[in-house]
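The values are calculated or read from the model by the stated rules, or taken from the named source; none is laboratory data. Please read these numbers as outputs of a predicted model, since none were measured by experiment. As a convention, Cβ positions derive from the backbone with ideal geometry for all residues, glycine included, and neighbour counts pool all protein chains shown.
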Amino acid sequence: MTKIAFASDHAGYALKNHLMLRARELGYEVHDFGTFSEESCDYPDFAHPAADAVESGECEFGIAMCGTGNGIQMTLNKHQGIRAALCWQPELASLAKEHNNANFLVLPARFITRDMAEKVMDAYLNAQFEGGRHQRRIDKIAVK
Ligand code: RB5
């Protein structure tokens, strides 16, 4: 079963629960790295463990959200092995996988409806990395 790491702060908590449920229904194994309530918290506390799980191979990829998506995306992208893409419409999510081989989908929980978030997640899950010239570009992202 493909394992997905989920992470959010309080602003993304409700959307995380919703998308985890859908991911389970679609047959994925869900690993929830928190947060676990709507109490105010700091997104790096949950983003870093989720990023570690993807970098180590414990989970194949991740899905994360905070209010804007920016804070949690910035945190995830500090990890050398993570390519986290902030997406608010399905085509962005497809391209993030096809061209960037994004291993974290990030959503702006306060700026997206549940219905659109589902569509964005589905687009990401159904897309395939195209490799080729895109792999060459990805290979140049890391700071040596
Ligand atoms: C929390 O209020 C908010 O700042 C956070 O969810 C996120 O948008 C930060 O980037």
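On inspection, Ala102 passes the criterion of being surrounded by 16 or more Cβ atoms within 10 Å (Cβ to Cβ) and either touching a helix residue (DSSP H, G or I) at 6+ places or on another chain (Cβ under 8 Å) or of a type outside the set (Val, Ile, Thr) (or both). For region 46-68, the set of residues classified as within 14 Å of the ligand (Cβ to nearest atom) and either among the basic types (Lys, Arg) or over 11 Å from Ser8 (Cβ atoms) (or both) consists of Thr68 only.
Might you check whether a residue that is within 11 Å of the ligand (Cβ to nearest atom) and among the β-branched types (Val, Ile, Thr) occurs anywhere in region 79-90? No, region 79-90 contains no residue that is within 11 Å of the ligand (Cβ to nearest atom) and among the β-branched types (Val, Ile, Thr). All told, Met65 falls short of being among the hydrophobic types (A, V, I, L, M, F, W, C), within 17 Å of Ala96 (Cβ to Cβ) and surrounded by fewer than 17 Cβ atoms within 10 Å (Cβ to Cβ). Here is the figure for region 20-45: residues that are in contact with a helix residue (DSSP H, G or I) (Cβ under 8 Å, 6 or more places away or on another chain) and part of a helix (DSSP H, G or I) total 3.
So that you can scan it fast, the table gives a plain yes or no per residue for (1) among the hydroxyl-bearing types (Ser, Thr, Tyr); (2) modelled with pLDDT under 95; (3) outside any loop (DSSP other than H, G, I, E, B):
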residue: Lys97; (1), (2), (3): no, no, yes
residue: Asn101; (1), (2), (3): no, no, no
residue: Ala117; (1), (2), (3): no, no, yes
residue: Tyr124; (1), (2), (3): yes, no, yes
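Results for (1) closer than 20 Å to Lys97 by Cα; (2) loosely packed, with under 14 Cβ neighbours inside 10 Å, shown as yes or no for each residue.
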{"position": "Gly12", "(1), (2)": "no, no"}
{"position": "Ala23", "(1), (2)": "yes, no"}
{"position": "Thr35", "(1), (2)": "no, no"}
{"position": "Glu39", "(1), (2)": "no, yes"}
{"position": "Pro49", "(1), (2)": "no, no"}
{"position": "Cys59", "(1), (2)": "yes, no"}
{"position": "Asn77", "(1), (2)": "yes, no"}
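Scanning region 56-115 for residues that are under 20 Å from Asn126 (Cβ atoms) and among the charged types (D, E, K, R) turns up Glu60, Arg83, Glu91, Lys97, Glu98, Arg114, Asp115. Determine, yes or no, whether Gly71 is crowded, with 17+ Cβ neighbours inside 10 Å, more than 16 Å from the ligand (Cβ to nearest atom) and under 13 Å from Ala7 (Cβ atoms). Judged against the criteria, Gly71 is not a match.
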